[in-house]
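Beneath this line is the structure, given in structure tokens, with notes to follow.
The values are calculated or read from the model by the stated rules, or taken from the named source; none is laboratory data. None of the values given here were measured: they were computed from a predicted structure. Because the Cβ atoms are built from the backbone with ideal geometry, glycine has one as well, and the counts that use them run over all protein chains shown.
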Amino acid sequence: MISQFSRTVLRKKNNTGIRCYAKSNNPLEKTLNIIAKDIPSYFGSKDKSILYPEHTDVVIIGGGYIGSAIAYWLKKRASDGLSVVVLEKDFTYKNSQNCVSLGTLNQHFSLPENIELSKYSVDFLRNVNVNLGYDVDIQYTPTGALTLASEQYAQKLEQNVTILNELGIKNVLLTASDIKAKYPWINTDDVKLGCMAIEAEGTFNSWALLRSLVKKSREMGANYVNGEVVGFELEKQKDVLMEGVAPGGYERLNRVIYKAADQEEYSIKFAICILAAGSDSAHIARMAKIGTGDSILSIPLPIEERTSDIYSIEDIAVKTGLNTPLVTDTTGLWLMRSGLGSNLLCGTLPLMNDDTKNMSKTDYLENVIKPSLVNRFPMCKNVKLEIFNTDKYDCNTYDNSGIIGPHPYHNNLFLATGFGKLGCQHAPGIGRAIMELIIDSQYTTIDLTRFGFDRLLVDERSIEFNVY
């Protein structure tokens, strides 16, 4: 029988060749250790022992916005009927804490999927106290979002507004004179049109949202484990036939191996794995042979980390007023008020054809940011720009849109990554979509099929043109 079973371990091998999942192999000692770990949890101790579960129904790799939203929806829908473990390598969430003031609700998109995800985010955040707890305060500030278009992009803007209105987003087109009358501090000399939603656009505290998603998911039974994925174990399944795979050669993901905070390695056996690890997703996917194997597995997950600096302009918000909207310029520059503070924040949108990614920070500031800023907002001519934060996000280099759904080879691996700067805003809808795929075997609310990995196989990009 042994010859009929084989296991592949994708990890760094130890010198002994022995695979151990616990510090002790003595059955009685292992049992006593498990009981000892469970006792503090049973009595509600604040200093709970760290649990290292050996099996689960669903393991989610990544406990950020999207991973925690998935955990939330799985536990909300299935409750105790589905065990969920979330593997997160950084329990401090230090990257997310830097984005406290940068949560935005914006509905101006060209792809119906992104519009529908934004619509649902509005509904979810509007009812955040019902969804996540009555003590949750995400500090939502309705500011509106103003999108500007030059002559070159005016027709595209009109097309987008038509799509938005058809999908129930109340958007109005503004002429240059309309914009100047409403916001006299904006230079409209080279602006042809603008558009603005009548409702449901603004800013919120993204760190508060993440904390609340994690807290609520844990309250409902999701088990968060502090660990960094270092590999997978695969089992050969001789009864599975797949095109491009030799008979008897199919391998199914069986366990995920991770290094815990105590620097020991552990493993979790799972039925379903969800990869929602942001910019780490491509690295982890390679551990599952994605991008290094044959046939379908030769196609990599095209996710890379991108960074963009966010600049603060001090003591100038008084000139724009409390009704300062999130302004997106014709050049891709954006500007917004930092809550109720006296400063404004600005940065640039990620662009598909970005020829500036190899520029130094100084050159980018002097040759890209400042000229666009001064042209659109003349009152910023002599201001000093200081880096407020460096935003890190997962970029899908294939088409800049997220990748969601099952992997075409690994039928028990679901992807939810590459959503970039939209990941925070769209997390509630993405989490719900993954839940639907797992429990209902199909999308039942927003159809995100077009964002699946399969588009890489047939080379059909899903590009969010927005305007620019």
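Checked against the criterion of being within 22 Å of the chain's Cα centre (by Cα) and either within 29 Å of Asp190 (Cα to Cα) or not in a strand (DSSP E or B) (or both), the candidates Lys421, Lys370 yield just one match: Lys421. For the range 140-162, how many residues are touching a residue at least 60 places away in the same chain (Cβ under 8 Å), out of contact with any Phe, Trp or Tyr (no Cβ under 6 Å at 6 or more places or on another chain) and closer than 28 Å to Ser206 by Cβ? Qualifying residue count for the region: 11. Among residues of the range 376-390 that are among the hydrophobic types (A, V, I, L, M, F, W, C), those with a beta-carbon under 6 Å from a residue that is in a helix (DSSP H, G or I) at least six positions away or on a different chain give the pairs Met379/Lys319; Cys380/Leu373; Cys380/Val374.
A count restricted to the range 413-441 and to residues that are surrounded by fewer than 16 Cβ atoms within 10 Å (Cβ to Cβ) and either in contact (Cβ under 8 Å) with a residue 12 or more places away in the chain or on the phi > 0 side of the Ramachandran plot (or both) stands at 2. The condition of being touching a strand residue (DSSP E or B) at 6+ places or on another chain (Cβ under 6 Å), under 22 Å from Lys392 (Cα atoms) and of a type outside the set (Lys, Arg) holds for only one of Thr348, Thr362, Thr324, Thr330, that being Thr348. Taking each residue of the range 396-410 that is in a strand (DSSP E or B) and looking for partners that are small (Gly, Ala, Ser) and at pLDDT below 95 with beta-carbon atoms closer than 9 Å, six or more apart or interchain, yields Asn396/Gly420.
The residue list Ile369, Ile303, Ile299, Ile313 contains one member that is within 30 Å of Leu253 (Cα to Cα) and crowded, with 18+ Cβ neighbours inside 10 Å, which is Ile303. Reported count of residues in the range 163-220, each being buried (at least 20 other Cβ atoms within 10 Å of the Cβ), hydrophobic (A, V, I, L, M, F, W, C), in contact (Cβ under 8 Å) with a residue 40 or more places away in the chain and not in a helix (DSSP H, G or I), is 9.
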